[in-house]
Amino acid sequence: MIKKLLIPLIIISLILTPLNTIYALTQDEETFLDAAVFGDEDVIKDILQKNININIQDDVGNTALILACMEGHIQVVKLLVEANADKSVLNKHGNNALFYAKQKNYSDIIKLIE
């Protein structure tokens, strides 16, 4: 009886587990996203040279571009846009980088993204 229940339970748990909990971020990916939050241009530049996936998402679906826009870090936004970050990526709330720039009225960032 337990064996018959075990396989369906495993399948259900895999379906309900978010992808980011299955795929753990590398140290560089975590550092990259943290650098976007804190506006650390040097770290962003260093990690971009490593050919990281520039559109990597955190557990909420935020990319480095979204995070930099949330915090108003125009230089980081500029670096990411120049490196061809995808401006259309939506997080799990259905919002992209432009949404957060507009929400906080960061006019210089809005110009960069539009």
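One table, with the values for the structure above:
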{"item": "Using θ = phi - 60° and Karplus 6.51 cos²θ - 1.76 cosθ + 1.60, couplings along region 29-38 (whole Hz; Gly, Pro as x)", "result": "5, 5, 4, 4, 5, 4, 4, 5, 5, 8"}
{"item": "Tensor-based shape of region 65-113 (alpha-carbon gyration tensor, a/c under 1.5 rounded, otherwise prolate or oblate)", "result": "oblate"}
{"item": "Equivalent ellipsoid, region 30-114 (semi-axes from 5 times Cα gyration tensor eigenvalues, Å)", "result": "18, 14, 11"}
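Just so you know, all these numbers are worked out from the coordinates, no wet-lab data involved. Note that the structure is predicted; figures quoted are calculated from it, not measured.
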